[in-house]
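For reference, the structure is listed below as structure tokens.
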Amino acid sequence: MRNVERLCLAHLWVAFTAFTVACVLGTWQMWVRSPLGAKVGTPSLYFMSVTAHGVSMAYVLTTFFIMGFGYFVAVTALNRPLPGKPWAWLGFWMGLIGFVMAVIPIVMGQASVLYTFYPPLTGSAWFYIGLVLVVAGSWIWCVLMIVAMAEWKRENPGRPVPLVMFATVANAILWLWTTAGVATELLFQVIPAALGLVQTVDVGLSRTLFSWTLHAIVYFWLLPAYTAFYTLVPRAAGGRLYSDTMGRLTFILFLLYSLPVGIHHLLMDPEHGTGMKFIQVLLTGFVTVPTLLTIFTISASMEIAGRLRGGRGVFGWIAALPWERPMVLAAGLAFVMLGFGGFGGLINMAYGMNAMVHNTAWVTAHFHLIFGGSAVIMYFAIAYEIWPRLTGREHASLAPLRLQLWLWFVGMMVMTLPWHWLGLHGQWRRVANFNYADPIIAGWGPWVVVSFAGGLVLLASALLFVRNLFVLHRSPALALPRPLYALAVHPPHRVPAALNGFGLWNVLVAILMLLAYGWPIAQFAIAPSPAAIVHRVQ
Amino acid sequence: MSDPRLSEPHVLDQPWRVWATVAVLTIVLAGALLGVVIIPVVQGRAAGLDAFTAICRALGIKPGSPAQPQPSDRTPPTPVSQVTWTPEVLQVLARANTERGRAKVLEVCVACHGEQGVSVAPEFPHLNGQSGPAIYKQLHDYQSGSRVHPLMTDIAKALDEPVIADVAAYYAGQPKRNPNPATLGELPANIVQLVELGDPNRNIPPCAACHRPGVGGPIEAPILHEQGQNYLALQLKAYASGERRNDVYARMRTIASQLTPAEIDGLSRYYAAGFR
Amino acid sequence: MTELHPEMHERRILGTELLWAFGVGVLIALTLGMIVFTALTMGINPPSNVERIDPKTLHLSGEFAEHNLGTTVGPDGSTTVRIIATQFMFVPRCIAVPRGRLVTLRLATPDVIHGILITGTNVNTMVVPGYVAQVHTEFTRDGDLLMPCHEYCGTGHSEMWATVQVMTNDQFKPGADGRVSCAQR
């Protein structure tokens, strides 16, 4: 444990600092677009803020958190020092420098292209180069995770890789596969356009390449939460993991099916035919499977814990669970948000219904709920769990932690549920100010204010979160850390190589990507889109 | 347990490899069969399309939906401006020779627009620091008759292609006069609002969204700050009446026809005073 | 856990997982089945048209020339609406459509990515430079609807919207050239 504390803390502090600033920006944005702030600010300021908010939340909070957590797992689960630590620090600095490089043009108004940066709207080249650096730094992390697992397997032939490391490496491999899309788009299309080397962009191709990344990236963000469900929550609840095998299968299914489905983000786009869209919708059906399996397995694991604590009856075990522990509380709240968010996801997948909600506030609601809600609340819980071990201190009291988690849950529900409703009524996205004089839009005003109130609660929760971590640095020393990772009911002695490594699954991913994205991308080589002139935001 | 080798990882592997591959391939091929063959063919039958066309449409090889007939159109073109922004045109502008431009300016343009682009009379626009593509487009539009002016039409007809780009680049490189915006007394709130927020009630986007330099808007949108007040008001009125019609897709005509005379006056003052 | 409850035997655990997985499979099959069913019986598709058109010369074209935009009723009675999405306006800004008949909307853009939805309907499509976006629909209720641009297209995005007037048959009267304009209100 001794050699990665600073590395982990560095990553996590960058992640949470970016997160806090982004929360402030998000709250300002909600105010400005509500009837309360109708004349405040300008569209330029608003879209600058949206770009900064999106980049911080989607690319920095997530990537840095996942890297920090991954280094922690690699050392604690495998009980060996991290291989290639200087490389890890290199990756950190690349990411941090890249983030700063991206933020400067944003703040100067030269990169108001949002975090999805759809060309032909093109900002300063430094913005994109900065983001490429962040991604490249994270690739170093991916390699180190794979190397750590490989070295452990060599030293422990025939033994199953601890589930938590297996999940982390699955996520690393997922990230390597998925960033190929956005990296290609940036390196071969957007950055040359931003540098003025080319004057046109093939927009159909750029949207398709971005869609390659767009779905699996949200699973990259989500997988640490699932990792916590399988490996931290059962132990925190005082129980056991119901099935280690299903845990491995879940992460494998995510690796397989979160990649070849990106075109479901392009269901309303004119550059692909119905056939390819249908194939990817079918595959999207299968990416719901691991989530649904997880609900059962983790509920069963919780039931074990509840009954061990004396819970009786069909549902009595629920009340018997140690809800005073932040990890358990967060898991319960995450499951509620996962229910709502996952249901929304099923709606998005069916293109008939997608037509009602595409690019409306429903979409904003969906990803704030499922990512900002389920995933990020587990990031909080993971941070609360590992921070004591990283700092050698313990929380003086768990009450502020629980308060912060509850505030996040309540704020998220109050913010996103009205948005779902507004989206169904046609409120559209990425608007700096609405014309509340219009009769249709006027009816939306009160609900926008309600969700703004939710946003304020979230801001309070975010500030409390940072305070809780800060305070830990000056808290009493940690007495004896209790065991962290859950044991399965039947800890495996031997697992098939297929459940202990990723050789087979990488081959299948390659096949799936070829079948799902082969023609959609090849068609641009055969019949390129008539190119669009670059519109420079400077 | 019989043979301990049976629980070795690589022995347990074989069924996994087989079944996983079979499962994945089945799913994808089922999707392909349904999405590319069965659904389009069935839909095509209802729409009166043959199977081949329906499948081609589902793959995106032919335009149209597999479930509906495709409309057709034979309207002849009647463009309002012949200028298109292709990479070739942008190259021409990027490679323009400002020395040749200056020579032509001293020969022809200086009489009304001045050597530095500061015009000699209020009805002639200032050209210093104006967007190169904007000048280029207007000269071409005068030449093709998309825009009409008693003096400029003949002048433009006498210019040939490379010189137009040279002149545009020359004037674009001339400095603006007054980097600090002059005070208007009080900045009228409704004008500032039109510039920054537009008026969604009348479907008017913010002026700044197109006309502020570096905002990523239309390529031909002219820079307005430090333009002459008279000239700006004249153009807005010409757009409003439809007399000037070389704005592609009638954007300026639509906006200007909704502005009140007071707003036209206020906006002209705002920009003439040097506000961006 | 020295003595295992019979529920906790490894085979039993895997058995419950498989049972649940079977249930999950049924749920997925039903959802996908519904999509296939509506595709086969009602022709429900995502809007797809893969028709390429050069954005740079759009205003020079015949179909998307200024005067050809808006609603046209063809000689065969089919209703086609042609709309340009541009920074930061839809052209035309008011679109007349009939109630209860198939309408085909065709959109193109000369500049950046836009998108449209029509409130209260299933009309929703991205408008991508290089392609003609096409949506087939039938309007079931008359009245005025909002058609905003729903994809970020620049700082004027918030003010970019059009109005759709859904007209009853007696209001929807094509002129001699087949064109229908909005009623002045």
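The values are calculated or read from the model by the stated rules, or taken from the named source; none is laboratory data. Because the structure is a prediction, the values reported are computed rather than measured. Reconstructed Cβ throughout: ideal geometry from the backbone, glycine too, with neighbour counts over all protein chains shown. Note: areas computed on protein heavy atoms with side chains; ligands, DNA, RNA excluded. Shrake-Rupley method; radii C 1.70, N 1.55, O 1.52, S 1.80 Å.
Applying the set (1) part of a helix (DSSP H, G or I); (2) among the aliphatic types (A, V, I, L, M); (3) open to solvent by 20 Å² or more (accessible area, probe 1.4 Å); (4) touching a residue at least 24 places away in the same chain (Cβ under 8 Å) to residue B:262 leaves exactly one unmet item: (4).
Of the residues making up the range A:317-328, not a single one is at pLDDT below 95 and closer than 24 Å to residue A:249 by Cβ.
Is it fair to say residue B:17 is charged (D, E, K, R), at pLDDT below 90, open to solvent by 50 Å² or more (accessible area, probe 1.4 Å) and more than 17 Å from residue A:267 (Cβ to Cβ)? In short, yes. Considering only residues in the range A:497-529 that are open to solvent by 30 Å² or more (accessible area, probe 1.4 Å) and not hydrophobic (A, V, I, L, M, F, W, C), the one that is farthest from the other protein chains (Cβ to nearest Cβ) turns out to be A:506. Restricting attention to the range A:34-89, and to residues there that are part of a loop (DSSP other than H, G, I, E, B) and among the aliphatic types (A, V, I, L, M), which single residue is surrounded by the fewest Cβ atoms within 10 Å (Cβ to Cβ)? This residue is A:40.
Consider the range B:77-103 and keep the residues that are part of a loop (DSSP other than H, G, I, E, B) and at pLDDT 85 or above. The one that is nearest to residue B:147 (Cα to Cα) is B:83. Whether a residue is more than 24 Å from residue A:11 (Cβ to Cβ) and modelled with pLDDT of 95 or more was assessed, and residue A:369 passes this test. If only residues of the range C:59-80 that are buried (at least 21 other Cβ atoms within 10 Å of the Cβ) and touching a residue at least 24 places away in the same chain (Cβ under 8 Å) are counted, the one that is nearest to the other protein chains (Cβ to nearest Cβ) is C:59.
In the range A:196-211, the qualifying residues are those that are within 14 Å of chain B (Cβ to nearest Cβ) and more than 11 Å from residue A:524 (Cα to Cα), and the one that is most open to solvent (accessible area, probe 1.4 Å) is A:197. Residues that are open to solvent by 10 Å² or more (accessible area, probe 1.4 Å) and among the acidic types (Asp, Glu) within the range A:265-298 are absent altogether. Condition test on residue B:186, is it crowded, with 19+ Cβ neighbours inside 10 Å and charged (D, E, K, R)? In short, no.
Only a single criterion out of (1) over 20 Å from residue B:90 (Cα atoms); (2) out of contact with any Lys or Arg (no Cβ under 8 Å at 6 or more places or on another chain) is not satisfied by residue B:225, namely (2).
Within the option set B:44, B:48, being on the phi > 0 side of the Ramachandran plot and more than 7 Å from every other protein chain (Cβ to nearest Cβ) holds for one residue only, B:48. Given the structure, is residue A:462 surrounded by 23 or more Cβ atoms within 10 Å (Cβ to Cβ), within 14 Å of another protein chain (Cβ to nearest Cβ) and either touching a Ser or Thr at 6+ places or on another chain (Cβ under 6 Å) or assigned to a helix (DSSP H, G or I) (or both)? Criteria not met by residue A:462. Every condition in (1) at the interface with another protein chain (Cβ under 7 Å from one of its Cβ atoms); (2) assigned to a helix (DSSP H, G or I) is met by residue C:19 except one, and the failing one is (1). Restricting the range A:414-443 to residues that are open to solvent by less than 10 Å² (accessible area, probe 1.4 Å) and among the small types (Gly, Ala, Ser) leaves a set whose member that is nearest to residue A:368 (Cα to Cα) is A:423. Residues in the range C:136-156 that are touching a residue at least 40 places away in the same chain (Cβ under 8 Å) and more than 7 Å from every other protein chain (Cβ to nearest Cβ): C:139, C:140, C:141, C:142, C:147, C:149, C:153.
Filtering the range C:43-57 to residues that are part of a helix (DSSP H, G or I) and at the interface with chain B (Cβ under 9 Å from one of its Cβ atoms) leaves C:56, C:57. Residue A:134: under 29 Å from residue A:229 (Cα atoms), out of contact with any Asp or Glu (no Cβ under 7 Å at 6 or more places or on another chain) and not basic (Lys, Arg), yes or no? Yes. What are the pairs with Cβ atoms under 6 angstrom where one residue, in the range A:90-119, is more than 27 Å from residue A:143 (Cα to Cα) and the other, located anywhere, is of a type in the set (Phe, Trp, Tyr)? Sequence gap at least six, or different chains. Cβ pairs passing all conditions: A:105/A:126; A:105/A:127; A:111/A:127; A:112/A:47; A:114/C:152. Just to be sure before I move on: is residue A:354 open to solvent by less than 20 Å² (accessible area, probe 1.4 Å), of a type outside the set (Phe, Trp, Tyr), in contact with a strand residue (DSSP E or B) (Cβ under 6 Å, 6 or more places away or on another chain) and closer than 27 Å to residue A:174 by Cβ in the structure I sent? For residue A:354, the condition - open to solvent by less than 20 Å² (accessible area, probe 1.4 Å), of a type outside the set (Phe, Trp, Tyr), in contact with a strand residue (DSSP E or B) (Cβ under 6 Å, 6 or more places away or on another chain) and closer than 27 Å to residue A:174 by Cβ - is not met.
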